[in-house]
1. Holding the Cα-Cα limit at 27 Å, pick out from K16/K69; K16/K99; K22/K138; K22/K180; K69/K159; K99/K180 the pairs that are longer than that.
2. Would you work out if the range 125-168 is rounded, prolate or oblate? Take a ≥ b ≥ c from the square roots of the eigenvalues of the alpha-carbon gyration tensor; rounded if a/c is under 1.5, else prolate when a/b is larger than b/c, oblate otherwise.
3. From the square roots a ≥ b ≥ c of the eigenvalues of the alpha-carbon gyration tensor of the range 46-137, which class results: rounded (a/c under 1.5), prolate (a/b over b/c), or oblate?
4. Taking the Cα centre of the chain as origin, sum charge times position over the Cβ atoms of Lys and Arg (+1) and Asp and Glu (-1), and report the length of that vector in debye to the nearest 20.
5. Over the chain, with a Gaussian network built from C-alpha contacts below 10 Å, which listed residue (L174, L18, L143) shows the highest mean-square fluctuation?
6. To the nearest 20 Debye, how big is the dipole of the range 92-184 about its Cα centre, given +1 on the beta carbon of each Lys and Arg and -1 on that of each Asp and Glu?
7. Chymotrypsin sites (Phe, Trp or Tyr not before Pro), restricted to the range 1-106: which are DSSP loop and have at most 16 other Cβ atoms within 10 Å?
8. What distance in nm separates the two pseudo spin-label positions at A13 and S165, each 7 Å out from Cα along the beta-carbon direction?
Amino acid sequence: MSVISSRLGQQLAFIKELDKLKAVYRKTMVKPDNSRQENSAEHSWHIAVQAMTLQEYAEEPVDISRVIKMLLLHDIVEIDAGDTFAFAGTTELAGQSIKEMAAAERLFGLLPQEQADEFRALWLEFEQVHSPDARFAKAMDCLLPVIQNMDSEGGTWAKYQVTRSQVLRRNQYLEHLAPKLWCYVLEQIDHSVRNGWLQDC
């Protein structure tokens, strides 16, 4: 007789499904590993640790445990919906939110009901960016590629001809939430423009 309960079976099915996130590749490059493409599971771990490290820069009070949960969950939908480049065109972005919502329903739906509800709610809170926790989580999601691109002499910015205004818009959550980190981003953007890694427009 199996010792696996129905509840544990659901949880294990979810955990096994998460392995697929390691096969979803992003545009961002991993410089220490011959500049290969980063996968979404690595990205989620990296920004969760970054949030722990940089939480002192948040101007609004944040619950770092909730922020970390959001960051670990936010890209799980890419198992079904795929990753979309942050600076993709409107055609490529069209319909992505619908695909991600369907993915959230399927993937979190593998879990027992109360866990499914909790994880789905955290994912949705991150997507809607209405709370201080979600704003800080979103800011962390935007900040890490700045750090990585700077470390790779422009990285994906240079490769895909990203503009100054695009990076400014993407990191706007930092301006009031974490002003010191916003100043850091502005410095990096100016440095990137001077070096030709970002388009000056």
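1. Numbers: K16/K69 18 Å; K16/K99 21 Å; K22/K138 21 Å; K22/K180 33 Å; K69/K159 32 Å; K99/K180 35 Å.
From the list (K16/K69; K16/K99; K22/K138; K22/K180; K69/K159; K99/K180), the Cα-Cα distance tops 27 Å for K22/K180; K69/K159; K99/K180.
2. Working: a/c = 3.54, a/b = 2.23, b/c = 1.58.
The shape class here is prolate.
3. Details: a/c = 2.12, a/b = 1.28, b/c = 1.66.
Taking the square roots of the gyration eigenvalues as a ≥ b ≥ c, the range 46-137 is oblate.
4. Charge dipole, the chain, about its Cα centre: 400 debye, nearest 20.
5. Of the options given, L18 has the highest mean-square fluctuation.
6. Working: 10 positive and 13 negative charges, 91 e Å.
Magnitude of the dipole: close to 440 debye.
7. Working: sites: F14, Y25, W45, Y57, F85, F87; in loops: F85, F87.
Answer in residue order: F85.
8. Placing both labels 7 Å beyond Cα along the Cβ direction yields 4.8 nm.
Quick note: the coordinates plus some simple rules give every number you see, no bench work behind them. Nothing here was measured: the structure is a model prediction, and the numbers come from that model. Positions of Cβ are generated from backbone atoms using ideal geometry, with glycine treated the same way; all protein chains shown enter the neighbour counts.
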